[in-house]
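Below is one structure, written out as structure tokens; the observations come after it.
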Amino acid sequence: MLNSDPLWPRAGDWASPVNDEWADVALIGMPTSRTSLSPTQAHETPNAVREALRRYAALSDLRIVDAGNVREPDLNEQGAIEAVAAVRAELVIALGGDNAATVPTALGRWGTAIDTAGLITLDAHHDLRDGTSNGSPVRRLLEAGLDGHRVVQIGIEPLTNSLAYTARALEAGVTIITREELRVRSMDDVMAQALEIAGAAGGPIHVDLDVDVCDRSVAPGCPASVPGGISAIELRTAARLAAAHPSVSSIDLVEVDVAADSADERTVRLVALCVLEAISGAARR
């Protein structure tokens, strides 16, 4: 049981939205997992992240609300899109769920502005597969009208992607920044480039933080994480930098299977810290 200290207010336990009241930051759970390419309990992760948040301090005076979990987003994607669209906040943080959560979150925030929208992914994979799964969100958003020239993919691992999907990304105009490039560039530099490209048309930007971009030592709860990924602090930095940008309207944190996490819950705790980094970034707008 966590101890109680009146001088150390804990994060989490944020109130539900009230009517049409505006918030600075809103959390929403997007428990997708039914279409995952591999068996996962990722739908259990949003609530686990909420519990992990209580381990950390609440350091922001922003108005923060928690809109709860979307009911069965895999079975009712349109309903999930509408649930996100109904959230009145400067920044929406979606807690996945697998990467299928990216589609309703982005579409719900972009609305009719998809023709000017941008997408940044921190992910080991291109997510350009055919069909509907956690391996297809980027392809589906492109087909929905997103311009590939305003898509930036950071942390791509060539050995976990086929040449066909890399070719598909390049044909669409996607900017690819591989893990190799991240060895010689700072996350600050990379995110500045990505935000400029994604925001070139002046529209809203969605940032997909697929935690399997991280090294497997810090993200064992991600089924597809591999040795050689980015560090925990790099992902946290990306979350903060993204949220600080005024054009970023939404962020998702996905691909964590709480049931596969290590005993010390390091992956879920990393997601919770990314939420707090994003809140810190939003406070700097």
Whichever residue in the stretch 247-260 is part of a loop (DSSP other than H, G, I, E, B) and not hydroxyl-bearing (Ser, Thr, Tyr) and, among such residues, is farthest from the chain's Cα centre (by Cα): Asp257
Residue that is farthest from Asn134 (Cα to Cα), among those in the stretch 67-91 that are free of Cβ contacts under 8 Å to residues at least 24 places away in the same chain and of a type in the set (Gly, Ala, Ser): Ala86
statement: Just one listed residue, out of Pro227, Pro220, Pro158, Pro137, is at pLDDT below 95, over 18 Å from Leu241 (Cβ atoms) and out of contact with any Gly (no Cβ under 6 Å at 6 or more places or on another chain), and it is Pro158
query: Somewhere in the stretch 235-258, is a residue out of contact with any Lys or Arg (no Cβ under 7 Å at 6 or more places or on another chain), of a type outside the set (S, T, N, Q) and surrounded by fewer than 19 Cβ atoms within 10 Å (Cβ to Cβ)?
result: no
- request: Look through Ala263, Ala238 and report the one residue that is of a type in the set (A, V, I, L, M, F, W, C) and without any contact (Cβ under 8 Å) to a residue 24 or more places away in the chain.
  value: Ala263
Val207 being crowded, with 23+ Cβ neighbours inside 10 Å, farther than 21 Å from Glu51 by Cβ and either modelled with pLDDT of 95 or more or of a type in the set (A, V, I, L, M) (or both): yes
- prompt: Which of the residues spanning the stretch 260-285 are over 23 Å from Cys222 (Cα atoms) and touching a Pro at 6+ places or on another chain (Cβ under 7 Å)?
  reply: Arg285
query: Among the residues of the stretch 141-175, which ones are touching a residue at least 40 places away in the same chain (Cβ under 8 Å), more than 11 Å from Gly118 (Cα to Cα) and assigned to a strand (DSSP E or B)?
result: Ile154, Gly155
task: Identify the residue in the stretch 1-30 that is charged (D, E, K, R) and at pLDDT below 95 and, among all such residues, is farthest from Ala244 (Cα to Cα).
output: Asp5
field: Filtered residues of the stretch 169-202 (kept if polar (S, T, N, Q) and touching a strand residue (DSSP E or B) at 6+ places or on another chain (Cβ under 6 Å))
entry: Thr175, Thr178
query: Within the stretch 14-27, is there a residue that is among the acidic types (Asp, Glu), on the phi > 0 side of the Ramachandran plot, surrounded by fewer than 17 Cβ atoms within 10 Å (Cβ to Cβ) and out of contact with any Asp or Glu (no Cβ under 7 Å at 6 or more places or on another chain)?
result: no
statement: Being within 16 Å of the chain's Cα centre (by Cα), among the aliphatic types (A, V, I, L, M) and in a loop (DSSP other than H, G, I, E, B) narrows Ala272, Ala219, Ala263 down to just Ala219
task: Inspect all residues belonging to the stretch 226-236 and state whether any of them is in contact with a strand residue (DSSP E or B) (Cβ under 8 Å, 6 or more places away or on another chain), among the β-branched types (Val, Ile, Thr) and either in a helix (DSSP H, G or I) or within 26 Å of Glu77 (Cβ to Cβ) (or both).
output: no
query: Within the stretch 188-209, how many residues are assigned to a strand (DSSP E or B) and either in contact with a Cys (Cβ under 8 Å, 6 or more places away or on another chain) or not hydrophobic (A, V, I, L, M, F, W, C) (or both)?
result: 3
field: the stretch 1-30, subset among the β-branched types (Val, Ile, Thr) and not in a loop (DSSP other than H, G, I, E, B), residue nearest to Ser280 (Cα to Cα)
entry: Val25
- line: Residues of the stretch 135-160 being closer than 14 Å to Glu181 by Cα and more than 15 Å from the chain's Cα centre (by Cα), in sequence order, are Ile156, Glu157, Pro158
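The values are calculated or read from the model by the stated rules, or taken from the named source; none is laboratory data. What you see is a predicted model, and the numbers here were worked out from it, not measured in a lab. Positions of Cβ are generated from backbone atoms using ideal geometry, with glycine treated the same way; all protein chains shown enter the neighbour counts.
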